[in-house]
Structures are given as structure tokens and as C-alpha cells.
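Remarks on the structure that follows.
The values are calculated or read from the model by the stated rules, or taken from the named source; none is laboratory data. Note that this is a predicted model, so its numbers are computed, not measured. No Cβ is skipped: glycine too gets one built from the backbone with ideal geometry, and neighbour counts run over all protein chains shown. Remember, those area values only see protein heavy atoms, side chains included, never the ligands or the DNA or RNA. Shrake-Rupley method; radii C 1.70, N 1.55, O 1.52, S 1.80 Å.
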Amino acid sequence: MFTVSPNNFTTDSLQLPPLPLKRPLLTIGHGTRDLQGREDFLNFSKAYQALDTSRPVVPCFLELTNPSIQEGIDYCVARGYSEISVLPILLFAARHNKFDVTNELDRARQRHPQLKFYYGRHFGITPSILELWRERLAQLDKPEHNPNNIPRSETVLLFVGRGSSDADANGDVYKMARLLWEGSGYKTVETCFIGITHPRLEEGFRRARFYQPQRIIVLPYFLFTGVLVKKIFAITVQQQKQERKISLSCLPEMGIQPQLLQLLREREIETQLGQVQMNCEMCKFRLAALKGDRTRGHHHHHHHHARKASTSDEELEKYHQRIWQIPKSRYFGANEKLFGILVNFCRKILTQIKASKIIKKIVTNLEEKRCQKATTPNRG
């Protein structure tokens, strides 16, 4: 099995656009029990801080390790800041991004009522991330990583996402995989997940072998290493032992890359200029607000790393039954009022969107009438 190491670069050659404001930035990682994964995230934040020391960049984690979000906020408060930019260093907008981080910010406001947070976007699907992975895949075409000179037309990409209890986020994984495959020349792309949702990685390998490729390239779609990335590597090694006729190559996690640091600067500037935009069309919280649905009951698997993966028909059936339900968290379980606030907020947003569309339609009709009047000849 062949692997490619992340590119090394120096921040000296990277130029970022200036910040409009000198507001402190809280960078929030998912968190991991893996020491190297924790260190990678902290080093990522340090590298970003080194590019611009005009304001503090404060790294923290949502769960599993320290410093916590509350500790990061307290650090800013102790230094006299009352306004803080907050960015989730996450690839997709799932429950953590939509729900758990914002709950932590609400907790902080209870302790520090004077605080004002400016919450920004996750990384999402961007041309720069696509280009990063295209560069990685191009490395695998080189003789040192492809000694048998297997063409892309005989190679299957196996795109591995983390997995989420948010169907919208899982759909974005498929979209990213498809965009990467388009025009690449590979035989096909199969998408799978390492946890929570389906299909799992083992099923992904089975589907990839269905095409009888000479080579399978495993692409773990992760920012930093951790328990799950190492699990992907271990399963790939096992698969290579089982199927020696097919060459397996495994790409590493993204790591500290100039494309990601530049993207982080874009997200930070968005928070400072009030230009944060989210695609909420398929968000299940929004859909619940539309329907007035309070069906809940799905427990999110926060600490699922040690769970044995199962792909039984029974588990898959249960998954389909619960995926569109509003998750029941420790916050909702104890505070029904909080759920009502969230639903009402979504309804207000929807009302504003509808009103905006109506106003736009009225303005368009008036403009059309004005143009018609201007072009109609005067018969008087």
C-alpha cells in the first residue's frame, strides 16, 4: 500500500488580505483523544496566528480534549475583549456547526452578558479545497507512487467521509466526491463513511471492487489526523492483505496547507463584514420549522469512536427512520423552551425570505411597467 505525505510549506511565502478589524478570533476544532490530532489542530491555529499578529487567534475544542470553548472565551474576556469572531474549523455544516457550538456560545453569554459573538461559516465546498485534492491525486500518478503505471481509467476513487447524523451534511460529502471525480479520468468514485451513517468503509471497498479496477485510491476527507483517520489506514491495510491483485493507495488528511489558511482568512473577513452566508435549504431544523414538527428522539453519537461498525439491515433500517428527526440533546431534554426559540427563529428567517421575494417581485413588475411606458410612443 502506498501513501503520500502532506506537503510541507513555510508561511513566509503566503500573503493574506488585511483584516478590516482587530477583533480576536476563536478557532473551534471538533476535538480528539488522539494526541497527534490535537497537536495538528493547535499547530494549524498557530500557523494562522503567525501570518497576522494584529489580534489573538485562540484555539479551542468542542469536545474530547482541552482547551474547551468556555476556556477560550474566558481567555478573551480576561484580556478585555467584549466582541469575538468565532469560526468552526469544520468541513461541513452538521450538528456540531449548527447546534453544539452555538449552545456553547449561549452558555458563555449567561456567564458574560456583555459579550457579542460573530459566528462564521464552516469551510464547505470550495474551489481551493478541490484544487488541494487534485494536487494530491496528481502526486499519485508519479512513478514513485504508481510503479506499475496503472492508468486512471483503471482506478477507482474511494472517498471516505467522517459521517454525520445530519442528512444535509452527508449529502455534501457526496457532492464533494462527485465534483472531484468530474473530469478526472478515473473509472468512477465510490463514497462511504467511517462512522454514524452508511455505507461504511468496508462496504465502500466492496463496491469499489465491483468495477474490477487495477487500483483503488482511498481519500480520507479529514482536516487533521485522529482516531478515525488511523482507523481508515488500518482498514486499508487489511483490505490490501485480502485483495493483493488490486493496488491500494491511501492519501493522508489535509493538514496545514496554504489553501486552508487562505480560506480561513476569507471566513474571518466574512464575520467582520457581516457577510456570512449559509445554505439552509435542506437543513432539518429549517424543515422542522416549516412543518411545525417537534418529533425528536435521535441521540447523537458523540463518543462513537470505540463502537464496532455494523452494517446490518436492521441497523440501516433504524438509521433511515431517525435521520430526518430533530436531535434530542442534553439541552433540549432539559429545556423545551430552547427548542421553541430555535423553531421560531427559523420561522422568522423564512418569513423574511418570503417578504424579500415579494418585494423583489413588486419592484420587478414596477420596473417592467416603467420600461413599457418609456418605450410606448406618445399618440397625443
Q. Can you find even one residue in segment 125-134 that is within 25 Å of Ala208 (Cβ to Cβ), at pLDDT 95 or above and out of contact with any Leu (no Cβ under 9 Å at 6 or more places or on another chain)?
A. yes
Taking segment 216-274 and keeping residues crowded, with 18+ Cβ neighbours inside 10 Å, β-branched (Val, Ile, Thr) and out of contact with any helix residue (DSSP H, G or I) (no Cβ under 8 Å at 6 or more places or on another chain) leaves Thr236, Ile269, Thr271
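Determine whether Ser184 is modelled with pLDDT under 95, part of a loop (DSSP other than H, G, I, E, B) and under 18 Å from Leu219 (Cα atoms). Don't jump to the end; show me each part of the working.
Working: modelled with pLDDT under 95: no; part of a loop (DSSP other than H, G, I, E, B): yes; under 18 Å from Leu219 (Cα atoms): yes.
It is false that Ser184 is modelled with pLDDT under 95, part of a loop (DSSP other than H, G, I, E, B) and under 18 Å from Leu219 (Cα atoms).
Got a sec? Which of Arg207, Arg162 is open to solvent by 30 Å² or more (accessible area, probe 1.4 Å) and in contact with a Gly (Cβ under 7 Å, 6 or more places away or on another chain)?
Result of the check over Arg207, Arg162: Arg162.
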For segment 169-192, the count of residues that are within 15 Å of the chain's Cα centre (by Cα) and either open to solvent by less than 30 Å² (accessible area, probe 1.4 Å) or small (Gly, Ala, Ser) (or both) equals 6
Residue count, segment 243-275, condition touching a residue at least 40 places away in the same chain (Cβ under 8 Å), under 19 Å from Tyr48 (Cα atoms) and outside any loop (DSSP other than H, G, I, E, B), comes to 14
For segment 70-79, check the following and say yes or no: at least one residue is in contact with a Phe, Trp or Tyr (Cβ under 7 Å, 6 or more places away or on another chain) and modelled with pLDDT of 95 or more.
no
Those residues of segment 21-44 which are more than 17 Å from the chain's Cα centre (by Cα) and either surrounded by fewer than 21 Cβ atoms within 10 Å (Cβ to Cβ) or assigned to a loop (DSSP other than H, G, I, E, B) (or both) amount to Leu21, Lys22, Arg23, Pro24, Arg33, Asp34, Leu35, Gln36, Glu39, Leu42, Asn43
Qualifying residue in segment 92-99 (condition: closer than 20 Å to Gln272 by Cα, open to solvent by 70 Å² or more (accessible area, probe 1.4 Å) and either at pLDDT below 95 or in contact with a Ser or Thr (Cβ under 6 Å, 6 or more places away or on another chain) (or both)): no
When segment 57-74 is checked residue by residue, the ones that are touching a Cys at 6+ places or on another chain (Cβ under 9 Å), surrounded by 17 or more Cβ atoms within 10 Å (Cβ to Cβ) and not small (Gly, Ala, Ser) are Val58, Ile69, Ile73
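Could you please find all residues in segment 132-163 being out of contact with any strand residue (DSSP E or B) (no Cβ under 6 Å at 6 or more places or on another chain) and small (Gly, Ala, Ser)? Walk me through it before giving the result.
Applying the first criterion (out of contact with any strand residue (DSSP E or B) (no Cβ under 6 Å at 6 or more places or on another chain)) to segment 132-163 yields 132-139, 141-144, 146-149, 151-154, 162.
Correct list: Ala138, Ser153.
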Going through (1) in a loop (DSSP other than H, G, I, E, B); (2) open to solvent by less than 60 Å² (accessible area, probe 1.4 Å); (3) over 28 Å from Gln36 (Cβ atoms) one by one, Gly195 fails only at (3)
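For (1) loosely packed, with under 14 Cβ neighbours inside 10 Å; (2) under 20 Å from the mean Cα position of the chain (by Cα), each residue gets a yes or a no:
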position: His122; (1), (2): no, yes
position: Ile129; (1), (2): no, yes
position: Leu140; (1), (2): no, no
position: Pro143; (1), (2): yes, no
position: Ser153; (1), (2): yes, no
position: Val156; (1), (2): no, no
position: Ala167; (1), (2): no, yes
